[in-house]
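What follows draws every value from the coordinates through simple rules; no lab data is involved. Quick caveat: nothing in here was measured; it's all calculated off a predicted structure. Glycine also receives a Cβ, built like all others from the backbone with ideal geometry; neighbour counts cover every protein chain displayed.
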Amino acid sequence: MAKDSRPKSAAVRKDRKGPTKGSGGQGKRKLAGKGPTPKAEDRVYHKAHRQKQLAQRSQAKRQAQSQARGRGSGYGADDVVAGRNSVLEALTEQVPAEQLLIAADIDSDGRVREALQHCAEQGVRVKEVTRRQLDNATGDAVHQGLALVLQPYEYAEAGELITQLHEQAAKGHIDHAPLLIACDSITDPRNLGAILRAASAFGADGVVVPERRSAGVTATAWKTSAGAAARVPVARAKNLTQALKEAQRSGYFVLGLDGGGDTQLPGLHLADEPLVVVVGSEGRGLSRLVSETCDAIVSIPITASTESLNASMAVGISLYEIATLRKGVRR
């Protein structure tokens, strides 16, 4: 028999008819691949997965706390005045309020009865709630069974207030040169409230605050102001630097308060002029743009052992000096 001369590696064609034996499709999985790569947050070994789980737990906790508060207690603590004296003071000053929250088991006294009388006269709704609901509504503040939910504060527009006061002075409708306080980066509502109190005490015509990065007229500011927030208008400026420049164009002098000022407060020669007194935060002081906009930087003499004054204290001292130089504090 003749020997096959073809190499062993050569393909051998086998002419067979009918089905042939195969793998039965077992190799398809290898060819198909594993699909698209999962997102990082869906991979259990990835740190993003852990962060997603923590976020979900935090959200679930907040929802549970909100539901546990029950009806009538879902207020923001910034919008609620807590405590019998504070509530009565706010109602006496006719601070715009939505409703009075009163504990069901409250021990009534003269302040509670007077508060209820004010509510009846001013058309403020009264709602009886539990102690727990009051705790949640006031952010666990000392409420003494009484809390007042405030309406959102209606801010004036800074440009309108500046122009209006200047026109009133020019027409003789007010008997003094306009005096405004501008707050640069005052973020503590207690400081704002104290500034409002000083403004009311020494005859300032209004306070200007920027829309961003600034404290607003919250319940804390109302409480600290001791009712002055109802007497002194607060205006908001979209851009404080531009508002100060607008005031300068209207005839105001802009004075910044800073420890390293080039002008001393005692005997301030600009006291009788229309003024905007700008105060910065206790830590940072005046911002660069605001400082560059001021016509003068005024400093208050203090002892070397004291680094700086609280913002509201600096405003109070400055307003007192200006009022004295304007020949007496206006009543």
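Is segment 87-211 best put as rounded, prolate or oblate by its Cα gyration tensor, with a ≥ b ≥ c the root eigenvalues, rounded for a/c under 1.5, and otherwise prolate when a/b is larger than b/c, oblate when not?
Note, shape of segment 87-211 comes out prolate.
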Inset, instruction - Sort the following peptides by mean Cβ neighbour count (other Cβ atoms within 10 Å, averaged over residues), highest first: 238-247, 43-52, 118-127. - result: 238-247, 118-127, 43-52
Inset, instruction - Compute the length gained on full extension between Glu121 and Asn310: take 0.36 nm times their separation in residues and subtract their Cα-Cα distance, giving the result in nm to one decimal. - result: 64.1 nm
Inset, instruction - Would you work out if segment 156-325 is rounded, prolate or oblate? Take a ≥ b ≥ c from the square roots of the eigenvalues of the alpha-carbon gyration tensor; rounded if a/c is under 1.5, else prolate when a/b is larger than b/c, oblate otherwise. - result: rounded
Legend entry - Ranked by how many other beta carbons lie within 10 Å on average, peptides 165-171, 144-150, 280-286 from highest: 144-150, 280-286, 165-171
